[in-house]
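Engineer: Sharing a structure below in structure tokens format, with a few things to ask.
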Amino acid sequence: MAEKVVVRNLYKVFGPQPAQAMDLLHQGQSKEQIFEKTGMVVGVKDANFTVDEGEIFVLMGLSGSGKSTLIRLLNRLVEPTHGQVLVGGHDVAAMGRKALVALRRKDMAMVFQSFALLPHRTVLDNTAFGLEVAGVGRAQRERRALAVLDQVGLKAFAGKKPAELSGGMQQRVGLARALAVDPSLMLMDEAFSALDPLKRTEMQALLLQLQKDHRRTIVFVSHDLDEAFRIGNRIAIMEGGRIVQIGTPDEILRNPSDAYVRAFFKGVDVRKYLVARDLASADALSVVQPTLDGRSDLVRTSAQLQHGEALQAVVVEAGGRLLGTVTQDSLHRAMASGATSLLGALLTDGAVAAGDLGLHALVAHVVKTPLAVPVVDAAGNYLGVVTQAQLLQRLAANQADDV
Ligand SMILES: Nc1ncnc2c1ncn2[C@@H]1O[C@H](COP(=O)(O)OP(=O)(O)O)[C@@H](O)[C@H]1O
Ligand SMILES: [Mg+2]
């Protein structure tokens, strides 16, 4: 996958003599020691990460951990003290003023916690603002603004003033304004944090929906585990200016790097974040593909099951799409009734789970059958299987973490 953002050895020191603070950092002094000695603040310390094209990358951490500083380093609203930021292959630090302004306007729309809407302008004009600044003509920018207002469910409010809208709606205008310029990278700093929990969940769902229709690269700052896990493809956890862990929600859940990360899970039932995809085991069952010689497929698969431990085998098409599963029984029955292909032996009542199926629904699936339940992605491709034993094991492991 193409890398949209590359960050290497990135540092930010706030204060009059950043070079002195950098020296102290290299001598191994901590952020606290440096502050005590010099009054300078280490905002970001040696950040390294990449963000892939089409990914939602979340920066999560407590207040003051450096999230806003780091996201602002990406578009140079904050000047780096040291290190490199590449966006779409361009070195942001080396850019002249003009290129930078163009980059911010076109390629890196930013959405903040405060909506920063212009109070005397209509919702439509606010939405079209970025395009206006970029010199897009009225008819064209209004057409575009209406289209994105439609996407965020506010088309009917185009003629209203911001003050006539609720906080949640105003934030949707803020989002629409960013979307209007069709940025290749969206930077969102606590964009939903000012909203009440219900509105916040609504905005998260909207963002995910928009992401389904049109995949964008998004860097999203949040101090909230729930939000990070809901929307993040990957999450970087920050503490005291450092990134202490980067991973998918599942990787972080399975393997929190330290007590700081674990503390985020306190009082949160992390099981609610697990989906079928996280639990699917790709190598638990053997996978077979029908060949032109269907009879020998049947015989071979039957022999395979006889000699292996598994009761089932998975049948997929050449491209990886799941066709179903077979058992020793179903194979024998098929052969006895003269079937000439694996397709004749597929279990007809076998359950299948979608990759994003939540744990609750998955349990309901799995307890209905003694067999392993195959898990597929949105295109129907086989991802792995979930078995009762595996599911119980996993639930028990997470329970042990809680105490
Ligand atoms: N302009 C600034 N001048 C001095 N210190 C700053 C400035 N901006 C942020 N900081 C400090 O940098 C650290 C990280 O802040 P910030 O990036 O805003 O954290 P977060 O967004 O995670 O709450 C904090 O200690 C903060 O006080
Ligand atoms: Mg912040």
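The values are calculated or read from the model by the stated rules, or taken from the named source; none is laboratory data. These figures come from a predicted structure and were not determined experimentally. Here Cβ is always computed from backbone atoms with ideal geometry, including for glycine, and neighbour counts include all displayed protein chains.
Engineer: Restricting to segment 219-239, and then to whatever is assigned to a strand (DSSP E or B) and more than 15 Å from ligand 2 (Cβ to nearest atom), can you tell me which residue is surrounded by the fewest Cβ atoms within 10 Å (Cβ to Cβ)?
Structural biologist: Here the residue is Arg234.
For (1) within 16 Å of ligand 2 (Cβ to nearest atom); (2) part of a helix (DSSP H, G or I); (3) not β-branched (Val, Ile, Thr), each residue gets a yes or a no:
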| residue | (1), (2), (3) |
| --- | --- |
| Val13 | no, no, no |
| Asp23 | no, yes, yes |
| Ser63 | yes, no, yes |
| Leu77 | yes, no, yes |
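Engineer: Let me ask something else. Within segment 105-128, track down each residue that is surrounded by fewer than 21 Cβ atoms within 10 Å (Cβ to Cβ) and over 19 Å from Gly167 (Cα atoms).
Structural biologist: Residues satisfying the conditions are Arg105, Lys106, Asp107.
Engineer: Would you check which residues across segment 1-51 are among the basic types (Lys, Arg) and more than 28 Å from the chain's Cα centre (by Cα) and list them?
Structural biologist: Lys31, Lys37
Engineer: May I pose another question? Of everything in segment 167-205, what is buried (at least 19 other Cβ atoms within 10 Å of the Cβ), within 23 Å of Thr50 (Cβ to Cβ), modelled with pLDDT under 90 and away from ligand 1 (no atom under 16 Å from the Cβ)? Give them in sequence order.
Structural biologist: Ala178, Pro183
Engineer: May I ask you to list the residues in segment 352-395 that are under 21 Å from Ser302 (Cα atoms) and aliphatic (A, V, I, L, M)?
Structural biologist: Leu371, Ala372, Val373, Val385
Engineer: May I ask you to verify whether Thr340 is outside any helix (DSSP H, G or I), at pLDDT below 95 and among the β-branched types (Val, Ile, Thr)?
Structural biologist: Considered against the rule, which asks whether it is outside any helix (DSSP H, G or I), at pLDDT below 95 and among the β-branched types (Val, Ile, Thr), Thr340 comes out as yes.
Engineer: If we scan segment 245-254, do we find a residue that is in the same structural domain as Val386 (by TED's automatic domain parsing) and either buried (at least 18 other Cβ atoms within 10 Å of the Cβ) or touching a Pro at 6+ places or on another chain (Cβ under 8 Å) (or both)?
Structural biologist: No: segment 245-254 contains no residue that is in the same structural domain as Val386 (by TED's automatic domain parsing) and either buried (at least 18 other Cβ atoms within 10 Å of the Cβ) or touching a Pro at 6+ places or on another chain (Cβ under 8 Å) (or both).
Engineer: So in segment 206-218, with the set limited to residues that are part of a helix (DSSP H, G or I) and surrounded by fewer than 16 Cβ atoms within 10 Å (Cβ to Cβ), which one is nearest to ligand 2 (Cβ to nearest atom)?
Structural biologist: Looking at residues that are part of a helix (DSSP H, G or I) and surrounded by fewer than 16 Cβ atoms within 10 Å (Cβ to Cβ), I get Leu208.
Engineer: Say whether the condition of being more than 16 Å from ligand 1 (Cβ to nearest atom), touching a residue at least 40 places away in the same chain (Cβ under 8 Å) and under 19 Å from Leu118 (Cα atoms) is met by at least one residue in segment 206-217.
Structural biologist: No, every residue in segment 206-217 fails to be more than 16 Å from ligand 1 (Cβ to nearest atom), touching a residue at least 40 places away in the same chain (Cβ under 8 Å) and under 19 Å from Leu118 (Cα atoms).
Engineer: Let me ask something else about it. Look at segment 138-166 and say how many of its residues are within 26 Å of Lys106 (Cβ to Cβ), in a loop (DSSP other than H, G, I, E, B) and modelled with pLDDT of 95 or more.
Structural biologist: 1
Engineer: Might you check whether a residue that is touching a residue at least 12 places away in the same chain (Cβ under 8 Å), aromatic (Phe, Trp, Tyr) and assigned to a strand (DSSP E or B) occurs anywhere in segment 109-121?
Structural biologist: no
Engineer: Identify, by number, the condition in (1) surrounded by fewer than 20 Cβ atoms within 10 Å (Cβ to Cβ); (2) touching a strand residue (DSSP E or B) at 6+ places or on another chain (Cβ under 6 Å); (3) within 20 Å of Arg234 (Cβ to Cβ) that Met60 doesn't meet.
Structural biologist: (1)
Engineer: Could you give me the residue pairs with C-beta distances under 6 Å whose first residue belongs to segment 270-288 and is closer than 21 Å to Thr325 by Cβ, whose second residue is buried (at least 19 other Cβ atoms within 10 Å of the Cβ) and among the hydroxyl-bearing types (Ser, Thr, Tyr) wherever it lies, and which are 6+ apart or on separate chains?
Structural biologist: Cβ pairs passing all conditions: Val288/Thr301.
Engineer: Right, something else. Of the residues Gly247, Gly241, only one is small (Gly, Ala, Ser), within 13 Å of the chain's Cα centre (by Cα) and over 30 Å from Leu149 (Cβ atoms); which? Give the derivation first.
Structural biologist: Values: Gly241 fails: within 13 Å of the chain's Cα centre (by Cα).
Just a single option satisfies the conditions, and that option is Gly247.
Engineer: Separate question: Return yes or no: is Val58 within 16 Å of ligand 2 (Cβ to nearest atom), closer than 30 Å to Lys212 by Cα and in a strand (DSSP E or B)? Talk me through it step by step, then tell me what you get.
Structural biologist: Working: within 16 Å of ligand 2 (Cβ to nearest atom): yes; closer than 30 Å to Lys212 by Cα: yes; in a strand (DSSP E or B): yes.
Yes: the conditions hold for Val58.
Engineer: Here is a follow-up. Within segment 49-64, how many residues turn out to be in contact with an Asp or Glu (Cβ under 9 Å, 6 or more places away or on another chain) and away from ligand 1 (no atom under 15 Å from the Cβ)?
Structural biologist: 4
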